[in-house]
Amino acid sequence: MRILIVDDDEDVRETLRLVLEAKGHELHFAEDGEQCLARLKEGFRGLILLDIMMPRLNGWETIEKMVELGLVQGNVICMMTAVLDPGRTGEHVASHVLHYLRKPFLEKELQSVISQYGSFCGGETE
Amino acid sequence: MNEISGLVVIGSSTGGLAALTELLKSIRLSRCAVVIVQHMPEFINESLRASIQQNSGMPCCLPLHGEKIKVGTVYLARYGTHLEIEGHFQTRMILNDPVNFVCPAVDVTMRSLVATTGIPLMGVVLTGMGKDGAAGIRHMKSIGAFTVVQTPQTCVVAGMVAAAIATGSVDAVMDLAMIRQELITRFG
């Protein structure tokens, strides 16, 4: 499946590359929210693993921009963050965040997200 | 004559798709209707409806305005419209601003319910961000419903259940397996 990994931490990106490439997934990468939007404008649709705390556009701001620019369609968003509980900081985009992975997470947790949410990527509007 | 013998309203958000799958797997509730308000983007509507129907074994639909609620059926609120349940168990779609930042909102659906003699009601709040569902649970409790929320420790995000618990109107805090058993015991 197509997965976009958005994280400013190179170690996180590389670790996920090692884990997910071995499973045969098509991987795309972005170092911050602006690069994420660029990938989406280029046509990426699939599962987005989105860090929250990033320079320039953080995770929540990135989702706001996705909504504003009409780039939500077909993308399942899973936040991927060390923040234990988002509190109410993300509730304004709650409709667009289908899952929340806390770092550090186990490979089986990641695989579970991919298997649970993969079928919803690219779903068609009625 | 009202065909409804019980009504369950389930509200969920972040983490809800997986929670609903576990909760409703092969459940077949024949003595109630189930209304689900899941926060989600519009393109998920149809695929989630199909997923719930396949997973639960119960017919699941995206209700239209004025639809009569039937037992043994799951109703999944559509993105972009609030879903109210009128006194005679008929759907009413409300095109309005988001409530708690979301549309449809759990609070709108739960708060639309009125006390019904002899018809058991159950309100459920599952994993999710924010506080949607808290006012709804308080209302449902006030009209005699059994109210339950998912154990916070088992939620992907516990904001919604914490807000519901804080109202003091929650009858039980249960993990998904226990909520599932409660549904089967009451409405199976």
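When A:Val6, A:Val83 are screened for being more than 27 Å from B:Gly80 (Cα to Cα) and out of contact with any helix residue (DSSP H, G or I) (no Cβ under 8 Å at 6 or more places or on another chain), only A:Val83 passes. Selection over segment B:3-33 of residues that are under 15 Å from the mean Cα position of the chain (by Cα), more than 14 Å from A:Phe120 (Cβ to Cβ) and free of Cβ contacts under 8 Å to residues at least 60 places away in the same chain gives a count of 1.
Do we have any residue at all in segment B:54-72 that's surrounded by 24 or more Cβ atoms within 10 Å (Cβ to Cβ), in contact with a Ser or Thr (Cβ under 9 Å, 6 or more places away or on another chain) and either free of Cβ contacts under 8 Å to residues at least 24 places away in the same chain or among the aliphatic types (A, V, I, L, M) (or both)? Outline the logic, then answer.
Quick first cut of segment B:54-72, residues surrounded by 24 or more Cβ atoms within 10 Å (Cβ to Cβ) only: none.
Within segment B:54-72, none of the residues are surrounded by 24 or more Cβ atoms within 10 Å (Cβ to Cβ), in contact with a Ser or Thr (Cβ under 9 Å, 6 or more places away or on another chain) and either free of Cβ contacts under 8 Å to residues at least 24 places away in the same chain or among the aliphatic types (A, V, I, L, M) (or both).
Of the residues making up segment B:107-124, none is in a strand (DSSP E or B), modelled with pLDDT of 95 or more and within 14 Å of another protein chain (Cβ to nearest Cβ).
Among the residues of segment A:67-121, just one is more than 8 Å from chain B (Cβ to nearest Cβ), within 19 Å of B:Ala50 (Cα to Cα) and over 14 Å from the mean Cα position of the chain (by Cα), namely A:Ser115. Check segment B:136-144 and report whether any residue there is modelled with pLDDT of 95 or more, out of contact with any helix residue (DSSP H, G or I) (no Cβ under 7 Å at 6 or more places or on another chain) and either within 15 Å of B:Ser12 (Cβ to Cβ) or aliphatic (A, V, I, L, M) (or both). Yes, that holds for at least one residue. Going by the conditions given, is A:Asp85 within 21 Å of B:Val156 (Cα to Cα), surrounded by 14 or more Cβ atoms within 10 Å (Cβ to Cβ) and at pLDDT 95 or above? Criteria not met by A:Asp85.
The values are calculated or read from the model by the stated rules, or taken from the named source; none is laboratory data. None of the values given here were measured: they were computed from a predicted structure. Here Cβ is always computed from backbone atoms with ideal geometry, including for glycine, and neighbour counts include all displayed protein chains.
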